[in-house]
1. From the phi of every residue in the stretch 91-97, what ³J(HN,Hα) in whole Hz does the Karplus formula 6.51 cos²θ - 1.76 cosθ + 1.60 yield, where θ is phi - 60° and glycine or proline is x?
2. As a test of understanding, state the convex hull volume per residue of the stretch 170-231 from its alpha carbons, in Å³.
3. Taking the simple approach of a point 7 Å from Cα along Cα-to-Cβ for both GLU100 and GLU195, what is their distance in nm?
4. So for the pair GLU204, THR174, with labels modelled 7 Å out along Cα→Cβ, what separation do we get in nm?
5. What are the ³J(HN,Hα) couplings of the stretch 79-90, residue after residue, when phi is run through the Karplus curve with 6.51, -1.76, 1.60 and θ = phi - 60°? Round to Hz, x for glycine and proline.
6. So how much slack lies between LEU157 and ASN113, counting 0.36 nm per residue of separation and subtracting their Cα-Cα distance, in nm?
7. Apply 1/(1 + (r/R0)^6) to the Cβ-Cβ distance of ASN128 and LYS212, taking R0 = 45 Å, and write down the FRET efficiency to the nearest 0.05.
8. How much of the calculated P(r) for the stretch 111-168 lies past 17 Å, in percent of all Cα pairs?
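Any read-out appearing in this document is the output of simple, stated calculations on the displayed coordinates, not a laboratory observation. Everything quoted here is computed from the prediction, not taken from an experiment. Using ideal geometry, Cβ is built from the backbone for each residue, glycine included, and neighbour counts are taken over all protein chains shown.
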Amino acid sequence: MKLLTKSLAILLLAFMVACQQKANEENTESESEKTEVTEDSTEKSTTSGVLNANLASEEELASTGLSEALVSEITAKRPFVDMMDLHSILSAEMDSAGLEELYGKLFVPFNLNTTKEANFKIIPGVGNRMAHEFEEYRPYLKVAQFRKEIGKYVDELEVARLERYVFVPVELNTASEEDILALPGVGERMAHEFEEYRPYENMEQFRKEIGKYVDDKELSRLERFVYLKDK
């Protein structure tokens, strides 16, 4: 009887150790997946030479000529929901010429459908007329529409340059992968996760599911790029 009891105890101990090992492996895989997706969602800190101020590393921010104090302030306050929030910080320290030079290197893309016409003019090379054209063709449903409409006024190279400074929010349940990938700092892995949980019933579902892969700050940044149609 004692031998039987001892054998059962050994088996139970082995079972508990195996369960613990499996749980540890699952937790490790989960954390690894979250890290991979987070890295993928922020892999594009730069778009054709213009750094995204919400994604750039401290070293990248410093490479634009920003002071150490400004770099620290920017990293502490991001993500910036709107470029004008960053602009208010920088304009207190720099003149208009300095800002125009900096914005050729660093920016937070504007929402094409909600940005005030006057604010578009802080984009390097955008004056009154082009700012008006940006606003004229609202609402934009996808970035291809922006290329088509603005392409009436400037050549392809200039359209591509201007596109670095803007984005078009996507409808979560219907947007194509191409449109999702056009969002600032969204890579293939995160685009897959956006599509994986369709259909979304509400934004809370989006926050819950995508929050499995990114932290609260990144979730806040991503949330500004998407919306759901009213039912």
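1. Ordered by residue, 3J(HN,Hα) equals 5, 6, 10, 10, 7, 5, 5 Hz.
2. Working: hull volume 4.6 nm³, N = 62.
Once divided by residue count, the hull of the stretch 170-231 is 74 Å³.
3. According to this spin-label approximation, the distance is 4.2 nm.
4. 2.5 nm
5. Along the stretch 79-90, the couplings run x, 8, 5, 9, 4, 5, 5, 5, 4, 5, 6, 6 Hz.
6. Working: separation 44, 0.36 × 44 = 15.84 nm, distance 2.25 nm.
Answer, rounded to one decimal: 13.6 nm.
7. On the way: r = 45 Å, r/R0 = 1.00.
Working from the Cβ atoms, E equals 0.50.
8. On the way: 417 of 1653 pairs.
Of all Cα-Cα distances in the stretch 111-168, 25 percent exceed 17 Å.
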